[in-house]
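Just so it is clear, none of the values below were taken in a lab; they were calculated from the coordinates. Here the structure is a predicted model, which is why all the values come from computation and not from measurement. Neighbour counts are summed over all protein chains in view; Cβ atoms, including those assigned to glycine, are modelled from backbone coordinates with ideal geometry.
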Amino acid sequence: MVTGSDLKHCQKMGSEATMETVSTTSTIEKLLGRRNAELDLIVEIGKALTSSLDIQELLGAIMEKVAFLLKPKSWSLLMVDPETGELYFEIAVSPVAGRLKEIRLKPGEGIAGW
């Protein structure tokens with residue numbers, strides 16, 4: 001025989017299951033939104049790649065798109081000097097960006113084991 005306590009317990013379980021479903025749906029919607037933003041970024045980068053032959057303009061456009069998605073406080077793009085093998089800061093967005101542009105890293109020095 002089902003008691004009033006049993007009914008309350010079933011209602012509570014149903015309510016918890018509904019809240020879990022809503023939470024899961026919300027998480028899925030956030031993940032899909034993030035994925036859509038990433039796919040939009042790839043499309044925008046593709047457009048940038050075909051919009052200019054100027055490497056500076058192209059790199060700036062691509063980094064701007066990536067920065068929009070990732071929203072970093074500071075970021076930079078390092079390039080390799082083909083003659084010396086040194087890394088140099090091609091693009092730097094930081095409070096110390098001016099100083100970074102002057103730095104060159106020889107192979108074996110500095111960032112990420114370069």
Under 16 Å from the Phe68 label point (7 Å along Cα→beta-carbon), backbone N, region 28-59: 34-52, 58-59
Could you please state, rounded to a whole Å, how far the C-alpha centre of region 46-82 is from the C-alpha centre of region 22-42? 24 Å
Length gained when the stretch Ile55-Ser76 is fully extended (0.36 nm per residue, less Cα-Cα span): 6.0 nm
